[in-house]
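Engineer: Got a structure for you, questions after.
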Amino acid sequence: MTEETIHESREVRSRRGISTFFRRLSRRLRRGEKVPVNDGQTVAFDPPAEAEFEVEVERQDGEVHFEIEMDWPEEDGGVDTDADTSKATFQVYEDNAGEYRWRLRHDNGNIIADSGEGYTSKQNAKKGLESVRRNAPGGYVVDLSKDEEAEDEGGSNATFELFEDKGGKWRWRLRHDNGEVIADGGQGYSTKQKCKQGLRSVKTNAPGAAVEDVDE
């Protein structure tokens, strides 16, 4: 019997970062969708409705090892090493003022996030969206209408701020720890719940979204 390692990664993550990873798996499993295992969402597995599930905690030489394992016949669900599990695309474009911007467009045609500001070069615009790609999945969500504050440590260097504008619409923005707003929803929502759904879509789809240049 031959054994092939399709994907393996090892890194140090905070508890919040680990929680973010498991939440992503949980959502995809619950929906019956392909489950991405890397941040770029290019490697994904498609498990069957039922699978053998094993949890193991070991203690050895002063270290604790926690392992989760799922097993199923490959014919019941394979692995995709060229996956595209994101349902959105980053579009980079030049606006009428000659500045470069990006927007995250869902497959349904809706723009679910944008840069909120123009950049002097296309390269800087792409650096901006890469920051969103890295920080959106693990970003805390704080409700400014309740005067909430972000926790000191998280799985991201940015925080989603949820707020109500002067017109009574609900909006979100993603603020980096350096104080800069690196993304916003680009629109107002009629309810707080719909606004949260919008930012959750960004959390889910930004990491694996392709990047394309478009003409306005």
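Engineer: Compute the long axis of helix 15-31 from its Cα atoms, compare it with the longest principal axis of the Cα atoms of the chain, and write down the angle in degrees, 0 to 90, nearest 10.
Structural biologist: The angle comes out near 80 degrees.
Engineer: Principal axis extents for the chain, Cα atoms only, whole Å, descending order, please.
Structural biologist: 62, 40, 32
Engineer: Of SER14, GLY77, PHE53, which is farthest towards the positive pole of the chain's charge dipole, taken about the Cα centre with +1 and -1 on the beta-carbons of Lys, Arg and Asp, Glu respectively?
Structural biologist: Result: SER14.
Engineer: Calculated from DSSP H runs of 4 or more alone, at -39500 (n - 2.57) each and per residue, what is the 222 nm mean residue ellipticity of the chain, nearest 500? Don't skip to the answer; put the middle values down first.
Structural biologist: Values: 3 runs with 45 residues, N = 216.
Helices in the chain give a 222 nm mean residue ellipticity of -7000 deg cm²/dmol.
Engineer: Let me ask you something else. Could you give me the radius of gyration and the Dmax of region 113-216, taking only the C-alpha atoms into account and expressing both in angstrom?
Structural biologist: 13.6, 41
Engineer: Helix 122-135 against the longest principal axis of the chain: what's the angle in degrees, Cα atoms only, rounded to the nearest 10?
Structural biologist: Helix 122-135 sits roughly 50 degrees off the main axis of the chain.
Engineer: Assigning unit charges at the beta carbon (Lys, Arg +1; Asp, Glu -1) and nothing else, what dipole magnitude in debye, to the nearest 20, does the chain show about its Cα centre? Can you show the working numbers first?
Structural biologist: Values: 32 positive and 47 negative charges, 297 e Å.
I would put it at about 1420 debye.
Engineer: Can you tell me which lysines have their Cα less than 24 Å from the Cα of LYS122? Leave out same-chain residues fewer than eight positions away.
Structural biologist: LYS87, LYS203
Engineer: Note down the Stokes-Einstein diffusion coefficient of region 15-80 in µm²/s, whole number, using a Kirkwood radius over alpha carbon pairs, 4 °C, and 1.567 mPa s. Present the calculation step by step, with values, prior to reporting the outcome.
Structural biologist: Numbers: Rh = 13.4 Å.
Estimated diffusion coefficient is 97 µm²/s.
Engineer: Sticking with this structure for a sec: I want to verify a result. In a Gaussian network model of the chain, Cα cutoff 10 Å, which of these has the top mean-square fluctuation: GLY139, GLY78, GLY198?
Structural biologist: Highest fluctuation among the options: GLY78.
Engineer: What translational D, rounded to a whole number of µm²/s, comes out for region 26-143 from Stokes-Einstein when the hydrodynamic radius is the Kirkwood one over Cα pairs, at 25 °C and 0.890 mPa s?
Structural biologist: Numbers: Rh = 17.7 Å.
After rounding, the answer is 139 µm²/s.
Engineer: Against the longest alpha carbon principal axis of the chain, how many degrees, from 0 to 90 and to the nearest 10, is the axis of helix 192-205 turned?
Structural biologist: Its long axis makes an angle of about 60 degrees.
Engineer: Can you tell me which of LEU199, LEU29, LEU174 moves the most in a GNM of the chain? Springs connect C-alpha atoms under 10 Å apart.
Structural biologist: The residue with the greatest mean-square fluctuation here is LEU29.
All of the numbers you see were taken from the coordinates with simple rules; none came from a lab. Everything quoted here is computed from the prediction, not taken from an experiment. Neighbour counts run over all protein chains shown; Cβ positions are idealised from the backbone, glycine included.
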